[in-house]
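Here the structure comes first, spelled out in structure tokens, and everything after it is commentary.
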Amino acid sequence: MCGVFGIHGHEEAANIAYLGMHALQHRGQESAGLVAVDDNRLRRHVAMGLVSDNFNRDALAKLPGRSAIGHVRYSTAGSSELRNAQPFLFEYSGGQLAIAHNGNLVNATELRAELESQGSIFQTSSDTEVIVHLMAKAREPDVLGKLMAALRRVRGAYSLVLITNDNRMLAVRDPNGFRPLAIGRLKDAFVLSSETCAFDLVEAEYIREVEPGEIVMIEKGGMTSHKLAFSAEHVRPTFCVFEHVYFARPDSLVNGKSVYRARERMGQKLAQEAPIAGDVVIPVPDSGVPAAIGYSKESGIPFEMGLIRSHYVGRTFIEPQDSIRHFGVRLKLSPVRSVVDGKRVIVVDDSLVRGTTSRKIVKMLRNAGAREVHLRISAPPTTNPCFYGIDTPNRSELVAASHTVEEIGRYVTCDSIAYLSHAGMMGAVGSESGAGYCSACFTGDYPVALGTSDLVQIRSARAAGV
Ligand code: SF4
């Protein structure tokens, strides 16, 4: 989970990139960084934490220039520490280069061991650095050729934005196109963003997606499109369906489709597949809201906000007394008694990972007077971990990997539970057959062969009976 942003050819490049990173903040809150180019030199500012906490007027004033790239990070490979904060900035024989990455490389461990055995010295523990070392070793004369040569060696998920000190910006998506990356225009400037919600904020116009297996290069003369040299036989689009289910912002287009409408359709299909008598449909906010609206529209049962989310919960450092149980969830969510008291409540959530939060929500609603609590999940059971850049827990922690739906229902103590079918979810994103999408965390059918360390994790989980 990460967000990337780029702007090329605008007098307020750093300010615009700052705003873009703000809009992408939901994609990662561990660190934020920005690199701008001016006078043939790259300048960088990175910090742990949120964009708003780390970029003030002074910091932005130290990043002059007409082009910049930004990154917000949630670690999936490499630990949460400042040295792993992106964009990374490197010097190599061709000059300076900065890179921002969304996704996860599945063969980074093997490649890193190979590069280290040949003398490469790594500065971070991030998989992204592997790409930079491969570029530095490539014999091709220019940055485009070096990037192509490097990407020929890596496998997995990457949506990348790069910038050089001679003001060339490159954007690339892997041949599967796991993670989103869109191109827009802001007056004469080109903009790049993981999600289009950033374009809306800076008033840029959405043009199109970077295609799977495509590199776009933006320089003074305009934008050119190139195919990854090896990609013709490898391009097999498998966009991450979880971006639609949960991850992307509902006001974004990802993979060219409205996230909000896809979630609403998931809720409608869920109401068709798993109807239940009830008095009120309530979402688990925020991400469950569009699906709950869809469920309500389809079923004719009124939609209400029966749970309110606090938007001011950061990390909590105080330990609750034993007597204050369910403290963590209660800080984030509170039931609205006047909505649920005496009612048969249908709760719509977009995912159920460990089951512990759902169990607390059910209890909270009963304590607020709910007569019945029926749980409806607008996605299939999450049975497998993601290795392509979403921070799902290990298989052993995924409750659906080792329990039936009935067992999960008993654990969370609801009156009934149902999940959306796989076909229902795929239909909601416009692909009944599932073609064009990865849904491996629901099926175990991984579209790109996993690396050694990932396979070790799967085998040890299976050996433990999960
Ligand atoms: S495994 Fe799941 S979360 Fe990961 S890319 Fe595939 S659909 Fe997305």
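Remarks
- Failed item in (1) under 27 Å from Tyr158 (Cβ atoms); (2) within 16 Å of the ligand (Cβ to nearest atom), with Thr452 passing the rest: (2)
- Val72 satisfies every condition listed in (1) over 30 Å from Glu140 (Cβ atoms); (2) outside any helix (DSSP H, G or I); (3) at pLDDT 95 or above; (4) out of contact with any Gly (no Cβ under 7 Å at 6 or more places or on another chain) except (4).
- Here the condition is being touching a residue at least 12 places away in the same chain (Cβ under 8 Å), open to solvent by less than 60 Å² (accessible area, probe 1.4 Å), more than 27 Å from Gly103 (Cβ to Cβ) and part of a helix (DSSP H, G or I); of Gly369, Gly342, Gly409, it holds for Gly409 alone.
- Residue among Gly256, Gly278, Gly267 that is touching a Pro at 6+ places or on another chain (Cβ under 8 Å), under 30 Å from Pro380 (Cβ atoms), among the small types (Gly, Ala, Ser) and away from the ligand (no atom under 16 Å from the Cβ): Gly267
- Options Ser396, Ser439, Ser402, Ser416; residue that is away from the ligand (no atom under 16 Å from the Cβ) and within 30 Å of Ser126 (Cβ to Cβ): Ser396
- A count restricted to region 252-266 and to residues that are surrounded by 19 or more Cβ atoms within 10 Å (Cβ to Cβ) and part of a loop (DSSP other than H, G, I, E, B) stands at 2.
- Within region 389-402, tally of residues that are in a loop (DSSP other than H, G, I, E, B) and either of a type in the set (Gly, Ala, Ser) or surrounded by 16 or more Cβ atoms within 10 Å (Cβ to Cβ) (or both): 4
- Positions within region 127-150 being aliphatic (A, V, I, L, M), surrounded by 19 or more Cβ atoms within 10 Å (Cβ to Cβ) and either in contact with a strand residue (DSSP E or B) (Cβ under 8 Å, 6 or more places away or on another chain) or touching a residue at least 24 places away in the same chain (Cβ under 8 Å) (or both), in sequence order: Val130, Ile131, Val132, Met135, Val143, Leu147, Met148
- Taking region 277-308 as the range and being farther than 14 Å from Val373 by Cβ and surrounded by fewer than 17 Cβ atoms within 10 Å (Cβ to Cβ) as the test, the residues that pass are Asp286, Lys297, Gly300, Pro302, Met305, Ile308.
- Of the criteria (1) open to solvent by 20 Å² or more (accessible area, probe 1.4 Å); (2) at pLDDT below 95, which one Thr124 fails: (1)
- Any hit, region 423-434, residues being exposed (fewer than 15 other Cβ atoms within 10 Å of the Cβ) and either within 11 Å of the ligand (Cβ to nearest atom) or at pLDDT below 65 (or both): no
The values are calculated or read from the model by the stated rules, or taken from the named source; none is laboratory data. Nothing here was measured: the structure is a model prediction, and the numbers come from that model. Please note: Cβ atoms are built from the backbone with ideal geometry, for glycine as well, and neighbour counts cover all protein chains shown. We work out accessible area using only protein heavy atoms, side chains counted, and drop any ligands, DNA or RNA first. Shrake-Rupley method; radii C 1.70, N 1.55, O 1.52, S 1.80 Å.
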